1. Listed residues B:123, B:65, B:80; which is more than 13 Å from every other protein chain (Cβ to nearest Cβ), surrounded by fewer than 17 Cβ atoms within 10 Å (Cβ to Cβ) and over 28 Å from residue B:302 (Cβ atoms)?
2. For the list (1) outside any helix (DSSP H, G or I); (2) in contact with a Phe, Trp or Tyr (Cβ under 9 Å, 6 or more places away or on another chain), I need the number of the one condition that residue B:305 fails.
3. Of (1) buried (at least 21 other Cβ atoms within 10 Å of the Cβ); (2) within 14 Å of another protein chain (Cβ to nearest Cβ); (3) touching a Gly at 6+ places or on another chain (Cβ under 6 Å); (4) of a type in the set (A, V, I, L, M, F, W, C), residue B:33 satisfies all except one. Which?
4. Give me the pairs, please: first residue somewhere in the range A:38-66 and within 14 Å of chain B (Cβ to nearest Cβ), second residue anywhere and among the polar types (S, T, N, Q) and assigned to a helix (DSSP H, G or I), beta-carbon distance under 7 Å, and either six or more positions apart or on two chains.
5. Using the structure shown, decide if residue A:23 is within 12 Å of residue A:4 (Cα to Cα), assigned to a loop (DSSP other than H, G, I, E, B) and acidic (Asp, Glu).
6. Looking at the range B:2-14 only, could you name the residues that are buried (at least 18 other Cβ atoms within 10 Å of the Cβ), over 17 Å from residue A:2 (Cα atoms) and within 14 Å of chain A (Cβ to nearest Cβ)?
7. If a residue has to be more than 12 Å from the chain's Cα centre (by Cα), in contact (Cβ under 8 Å) with a residue 12 or more places away in the chain and outside any loop (DSSP other than H, G, I, E, B) to count, how many in the range B:85-105 make the cut?
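The values are calculated or read from the model by the stated rules, or taken from the named source; none is laboratory data. Being a predicted model, the structure only gives us computed values, none of them experimental. As a convention, Cβ positions derive from the backbone with ideal geometry for all residues, glycine included, and neighbour counts pool all protein chains shown.
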Amino acid sequence: MKRLLDVLREDCALTGTKEGCGEGECGACTVLIDGQAVNSCLVPFAQVAGSSVTTIEGLTGAEALQSAFIREGGAQCGICTPGMILAAVALPKDADLQDIRRGLAGNICRCTGYEGIYRSLRAAAIPARAAD
Amino acid sequence: MKTFTLLPVRSLLEGGRESAKPGSILKAGGVDLLDRMKEGLETPDRVVSIAHVPGHDGIEVGPPARIGALATLARLDSHAELRRVYPALADAAGGAATPQIRNMATLGGNLAQRPRCWYFRQAEFDCTKKGGAQCFALNGENRFHAIFDTDVCCCIHPSATAVALLAYAARVDTVGTRGKRSISIEDFFVAPREDPTRENQLAAGEVIEAVVLPAPAPGSRSVYKKLKEKESFDWPLVETAVSVSVSRGTIQDARVVLGSVSPVPRRARGAEKILAGARPSAELIARAAEAAVAGATPLSQNAHKVRLARVMVERALREILA
């Protein structure tokens, strides 16, 4: 049985989607299926027939967020970053820190301690803060 | 993992019929099932997927409310009208797992998922839940296990929405090869003493179609509370859902439910009796909370859960009777 994650990485060579835990806990394999963030390690490949799948490679319109990750130190080793960004695009623009924490509850980072990630999201959402 | 055929079906009835055939298993969101297949606990030849059956993901708040079994936990969480009328259900759904999993996991699947006991989840342990002779958690690692009804299998039921649905006296509507039926949520679950190898009374070929919640009584309030080790994305240590209706300063009716304390979600009837007909007071709430945990039989590592459960009931009652 191939998971969506396996097909993306091995057959499509789209290695931006990472495998962490392989059981839906870490969020490194997050992709969008029909616009909704899901764990691609929990999706049998055949199930996405007829659906639209967006990986980090195909994400558009999130350039400000991606730049903020670079500028604010939101990425360190980078394994969790694609999943973080795909989970973050579902958040409302006016998300406060509590919304951000809740929205990223399914994405684990073991480098930055999350502060850089939260800073990146808030900087991307609030242009005035990004200029600080 | 063993190779299988994924069979998407066009109706729940077809799903029931196909999944009743030998070597077949039903899948909705598939979150729990895929995990069990990876552990080798399930080795189906065919996975019958109802994930894309149309027309069963609706949320009609009514009241009475009718929620299709394929509605995702994310939709229950974000549905403003549902949250207004049945806040405990919205909070139970929104507090479960992660955003990614809530986008996939369905209400029906949440009710029908299997327990997360670490002995049950490992194929090497032939425990009572797998039809074996002993419950390894009884004398093993049991700090997250049950504190009530621990004699046969001391796992805890993993469904948060079930705890809220019990507080709302919901019914589970099913469809299957033997026709349709509507089961009280209380009768839906099967305790280990009756049959440790199952958690609910769904028959072969029977599929959850919807959950129906009666209209809340006038003046009623409800709340769901969950205590966990981590601030986010964690299973509950204990959880509670409480629904009370108050008229002219007197509690008319109360339903107090405890989750993560027993193999099936548990109504704290002792607490309910103390509350019904009484006038709210701090002393009453303390007595009801004490009664909610009376008769607990904690295991070697989880006596603290008795106190946690009492405190959670007390907090929930304080919040809605304030």
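1. None of the other options fit; the residue is B:80.
2. With (1) outside any helix (DSSP H, G or I); (2) in contact with a Phe, Trp or Tyr (Cβ under 9 Å, 6 or more places away or on another chain) applied to residue B:305, the lone miss is (1).
3. (3)
4. What qualifies is A:38/B:100; A:38/B:103; A:39/B:100.
5. no
6. B:9
7. Matching residues across the range B:85-105 total 11.
One line per residue, one yes/no per condition, for (1) modelled with pLDDT of 95 or more; (2) more than 11 Å from chain B (Cβ to nearest Cβ); (3) farther than 22 Å from residue B:231 by Cβ; (4) surrounded by 19 or more Cβ atoms within 10 Å (Cβ to Cβ):
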position: A:75; (1), (2), (3), (4): no, yes, yes, yes
position: A:79; (1), (2), (3), (4): yes, yes, yes, no
position: A:90; (1), (2), (3), (4): no, no, no, no
position: A:101; (1), (2), (3), (4): no, no, no, no
position: A:115; (1), (2), (3), (4): no, yes, no, no
position: A:120; (1), (2), (3), (4): no, yes, no, yes
